[in-house]
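Quick notes on the structure that follows.
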Amino acid sequence: MNKVSAETFENIYYEYSDKIYGYIFMYVNNKEIAEDLTQDTFIKAYKHFHQFNGESHIFTWLVRISRNVAIDYIRKRNRFKFFSIEKYQFDSGHDTPVEIMVKGEKTARLYAAIHALKLSYQEVLILRKIKEFSIKETAQVLGWNENKVKITTSRAMAALKKEMEKRGDTLEGVI
């Protein structure tokens, strides 16, 4: 694909912008910054659409761009904030207030433990366990081979389990 029409790209934007925003928000934990970085992602994607060769799914390609945009932002700001738990702590509208509170506390502890891990472990856990990307999609986003994704995921889960135990917690029922 060399060029993309404005109408086609607009459809791509409407289909994937919320997902890209959610992914970026996990990195920056700020609505306005996530909105700006989402816009930057789609501007870059539009400008470089000629580089999209169709070997991966368009969403995977967009996530890779958004990851680079978010990491560039983080490096420029010389800080790393993890993602908000609010989006992920409520599964059902039928939970009691106590159940909601318990889920929120478990989720907060889980994300604090993930945040304590090294960046490569955080990234692979976000993509594989939270965003539920396939091994192939994760490899494409991170620029790794599939074997490295499998090994790193396994090591990240072991490190997360160890971190949770160190904090007096378990992974049971959270991932």
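Scanning region 17-65 for residues that are farther than 21 Å from Val124 by Cβ, at pLDDT below 90 and in a helix (DSSP H, G or I) yields His50, Gln51. The residues of region 112-141 that are over 16 Å from Met164 (Cα atoms), outside any helix (DSSP H, G or I) and either open to solvent by 20 Å² or more (accessible area, probe 1.4 Å) or touching a strand residue (DSSP E or B) at 6+ places or on another chain (Cβ under 8 Å) (or both), listed by number, are Lys131, Glu132, Ser134. Cβ-Cβ distances below 6 Å connect no pair with a first residue in region 152-163 that is on the phi > 0 side of the Ramachandran plot, a second residue that is modelled with pLDDT under 95 and part of a helix (DSSP H, G or I), and a separation of six or more residues or different chains. Inspection of region 143-152 finds a residue satisfying the criterion of being of a type in the set (A, V, I, L, M) and modelled with pLDDT of 90 or more.
The values are calculated or read from the model by the stated rules, or taken from the named source; none is laboratory data. Because the structure is predicted, anything quoted here is derived from the model rather than measured. Note that each Cβ is placed from the backbone with ideal geometry, even for glycine, and that neighbours are counted across all protein chains shown. Heads up: the accessible areas ignore ligands, DNA and RNA and are worked out on the full protein's heavy atoms, side chains in. Shrake-Rupley method; radii C 1.70, N 1.55, O 1.52, S 1.80 Å.
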